[in-house]
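Note sheet for the following structure.
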Amino acid sequence: MDDSCAGQTTDTVLGQEFLTWLWFRSENHPLGFQDKNGSFTVAMEQRIVVQGGEGEALETATVAGSMSPLREARLGLRTGKKVIRALVRFERDELSWQVTLKAEDFSFGSFRTPKVEHDPDDDPDALFLEKMYLMETCLGFIDLCYREFITLRLSSSGWNGEVREMAAWMAAERQ
């Protein structure tokens, strides 16, 4: 969004912009994203960390809470902080995945897939293979979201419009 990112790597800045955009997108496009298997939704969940400033003036706000409206994190965005970590929920059909995404290196802090039911009569590898399939599905969701973000980010006209919409979203008071 702005260029006041001295001392930060390109990956960190892109990660912060991606997580902030993903939060914006999740609230402003309730139909979610579309892939070859249909649509899936994205929601920011219960825990978001925002950070702003540099050196001794660096401020971090962690907002956590079940059913939290994330007011302090939203206030942080309005004062120039950026999302550095977020618990993100992906849903498709009746299935739900939760992942903590970190902006600084695009790593995961946690990864929860839908529960896998195990039948003792099944192939012993079936449980493992099902879990791997569910993990790959969620990684595909993240890849698609990031691909859409980076395509928009590299389009100057598209990104400028998106930044204006995001600024209005950040400025809006929410309950």
- Query: Taking Gln34 and the conditions (1) part of a strand (DSSP E or B); (2) on the phi < 0 side of the Ramachandran plot; (3) in contact with a strand residue (DSSP E or B) (Cβ under 7 Å, 6 or more places away or on another chain), which numbered condition does it fall short on, given that it satisfies the others?
  - Reply: (3)
- Taking segment 78-128 and keeping residues of a type in the set (A, V, I, L, M, F, W, C) and in contact with a strand residue (DSSP E or B) (Cβ under 8 Å, 6 or more places away or on another chain) leaves Val83, Ile84, Ala86, Leu87, Val88, Phe90, Trp97, Val99, Leu101, Ala103, Phe108, Phe111
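Can you tell me which residue in segment 82-121 is most open to solvent (accessible area, probe 1.4 Å), limited to those that are acidic (Asp, Glu) and modelled with pLDDT under 95? Explain how you work it out, then say what you get.
At the first step, the residues of segment 82-121 found to be acidic (Asp, Glu) are 91, 93-94, 104-105, 117, 119, 121.
Remaining after also requiring modelled with pLDDT under 95: 93-94, 104-105, 117, 119, 121.
On the way: Asp93: 138, Glu94: 175, Glu104: 74, Asp105: 90, Glu117: 143, Asp119: 69, Asp121: 140 Å².
Top of the filtered list is Glu94.
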- Query: Has segment 136-155 got at least one residue that is more than 13 Å from the chain's Cα centre (by Cα) and among the aromatic types (Phe, Trp, Tyr)?
  - Reply: no
- Task: Considering each residue of segment 59-81, count those that are open to solvent by 20 Å² or more (accessible area, probe 1.4 Å), within 27 Å of Ile150 (Cβ to Cβ) and not hydroxyl-bearing (Ser, Thr, Tyr), and give that number.
- Result: 5
- Query: So which residues in segment 146-175 are within 24 Å of Phe106 (Cβ to Cβ) and assigned to a loop (DSSP other than H, G, I, E, B)?
  - Reply: Leu154, Ser155
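The values are calculated or read from the model by the stated rules, or taken from the named source; none is laboratory data. Owing to the predicted nature of the structure, the values given are computational and were not obtained by experimental measurement. Quick reminder, even Gly has a Cβ in these numbers, built from the backbone with ideal geometry, and neighbours come from all protein chains shown. Ligands, DNA and RNA are stripped out before the accessible areas are found, and what is left, the full protein with its side chains, is counted by its heavy atoms. Shrake-Rupley method; radii C 1.70, N 1.55, O 1.52, S 1.80 Å.
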